[in-house]
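The values are calculated or read from the model by the stated rules, or taken from the named source; none is laboratory data. None of these values were measured; they are calculated from a predicted model. Here the Cβ positions follow ideal geometry from the backbone for every residue, glycine too, while neighbour counts run over all protein chains shown. Keep in mind that these areas ignore ligands, DNA and RNA; they rest on the heavy atoms of the full protein, side chains included. Shrake-Rupley method; radii C 1.70, N 1.55, O 1.52, S 1.80 Å.
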Amino acid sequence: MTLTFHWFLPTYGDSRHVVGGGHGVPVGAAGGQRAATLGYLTQIARAAEQLGFEGALTPTGAWCEDAWLTTAMLARETEHLKFLVAFRPGVIAPTLAAQMAATFQRHAPGRLLLNVVTGGESHEQRAYGDFLDKDARYARTGEFLSIVRDLWQGRTVDFAGEHLRVEQARLARVPDPVPPVYFGGSSAAAGEVAARFSDVYLTWGEPPEQVAEKISWIRKPAADAGRTVRFGIRLHVITRDTADQAWAEARRLLDGFSPEAIRAVQEGLARSESEGQRRMLALHGGSTDGLEVAPNLWAGIGLVRGGAGTALVGSHAEVAERITEYHRLGVEEFVLSGHPHVEEAYWFGEGVLPRLAEAGLWSRPGAGGAEAGAAGAAATASGGPGVPDVPDVQVPFAGRA
């Protein structure tokens, strides 16, 4: 099976430096010199679509724009790009979520993917009126997905669980197709929900041996439940014509992290309840030394950003090799990002994807691929991508979370 690649929509702002976001980042701390306007996000989405990405992940949280509304507007600005919409079951009723998904699929046919995020920070959940503890939140997510999946099958649902209750719930029109559910989590409670309800289990970018352990961990209970789960990984990328150029860019980003910014972000992330976040922190320990935690896997992003904290860094050939290595473990989908998101989409799309295509590991999805494919091949042959003209916003990172 060929690989699937998704890009990322930074709905909290973008920059030529790392912009904070994700677990443990205070509201208002995220933001960049490029505001997350509809115009700028459209530029990223169109670039991703042209380059051959299947979809684009849109995050959820108090620190970014709402994913449902943003992607609904962006669907009108693109042709076939899918949107991996992140949302939290604790802040929306299951029947309404099922109805919203059906509406999205009807008006943007087949272009909705759903990233169900249980929520790893109790203090942020409480701001939305959710006062359950972490294990209870995962239990509620299981109930939520049970209801939603029955509704998508056209059933009338009566459900009385520990956390959720519906009576005579039914959709007037079911989604066609039913959107796949992407789900992540590293705790025991998360694994149980993933095995029973997810279509794609997502992990943050841990070293290959740790990813292999996670895949085995999820596969067994899924098989016991008579299910097959696909696997995906969330990574940043810094890919250039040569390894030296890529690592020079990583060093440039690292030089923009002030000690005060690292300390402030790490203190916040240390309070996170997320097991996945704990595993990210363990890769670097808050230190700027020894950040290459596996070949071409750099943990520097996690010093100043919550959530996904690792990047594949290297030449286009090296990054393609690392992706192939993860694929051999069972990873089929890659959710990628880079700073800034327009330029890095071109570096990856024109530098790495053609190599994976030549190896028979990737083929362009959707329509309109011929022109973009020719552009990518030409860029590879000439030695570099044609990065679009974007304003230079080289403003120091210091103090951003």
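Points worth noting:
- Residue 321 passes every criterion in (1) part of a strand (DSSP E or B); (2) more than 27 Å from residue 265 (Cβ to Cβ); (3) not aromatic (Phe, Trp, Tyr) apart from (1).
- Filtering 56, 36, 93 for residues that are under 30 Å from residue 354 (Cα atoms), of a type outside the set (Lys, Arg) and out of contact with any strand residue (DSSP E or B) (no Cβ under 6 Å at 6 or more places or on another chain) leaves a single hit, 36.
- Condition check for residue 55: surrounded by fewer than 23 Cβ atoms within 10 Å (Cβ to Cβ) and within 30 Å of residue 361 (Cβ to Cβ): no
- Qualifying positions in segment 224-276 - farther than 30 Å from residue 126 by Cβ, open to solvent by 20 Å² or more (accessible area, probe 1.4 Å) and aliphatic (A, V, I, L, M): 225, 243, 248, 254
- Filter pass, residue 312 being touching a residue at least 12 places away in the same chain (Cβ under 8 Å), in contact with a helix residue (DSSP H, G or I) (Cβ under 9 Å, 6 or more places away or on another chain) and within 25 Å of residue 115 (Cβ to Cβ): yes
- Qualifying positions in segment 205-223 - buried (at least 24 other Cβ atoms within 10 Å of the Cβ) and either part of a strand (DSSP E or B) or hydroxyl-bearing (Ser, Thr, Tyr) (or both): none
- Residue check, residue 41 surrounded by 24 or more Cβ atoms within 10 Å (Cβ to Cβ), within 23 Å of residue 274 (Cα to Cα) and either modelled with pLDDT of 95 or more or of a type outside the set (A, V, I, L, M) (or both): no
- Filtered by the rule that a residue be out of contact with any Lys or Arg (no Cβ under 9 Å at 6 or more places or on another chain) and touching a residue at least 12 places away in the same chain (Cβ under 8 Å), segment 39-50 gives 41, 42, 43, 44, 45, 46, 47, 48, 49, 50.
- Checked against the criterion of being open to solvent by 20 Å² or more (accessible area, probe 1.4 Å), in a loop (DSSP other than H, G, I, E, B) and either hydrophobic (A, V, I, L, M, F, W, C) or more than 27 Å from residue 12 (Cβ to Cβ) (or both), the candidates 286, 290 yield just one match: 290.
- Restricting attention to segment 58-74 and to residues that are among the aliphatic types (A, V, I, L, M) and surrounded by 19 or more Cβ atoms within 10 Å (Cβ to Cβ), the residue that is farthest from the chain's Cα centre (by Cα) turns out to be 74.
- One residue from 155, 126 being basic (Lys, Arg), open to solvent by 10 Å² or more (accessible area, probe 1.4 Å) and part of a helix (DSSP H, G or I): 126
- Filter pass, residue 354 being in contact with a Gly (Cβ under 8 Å, 6 or more places away or on another chain), more than 25 Å from residue 251 (Cα to Cα), open to solvent by 10 Å² or more (accessible area, probe 1.4 Å) and assigned to a helix (DSSP H, G or I): yes
- Some residue of segment 306-325 being surrounded by fewer than 16 Cβ atoms within 10 Å (Cβ to Cβ), among the aliphatic types (A, V, I, L, M) and farther than 30 Å from residue 189 by Cβ: yes
- Complete set of residues in segment 175-197 that are of a type in the set (Val, Ile, Thr) and assigned to a strand (DSSP E or B): 181
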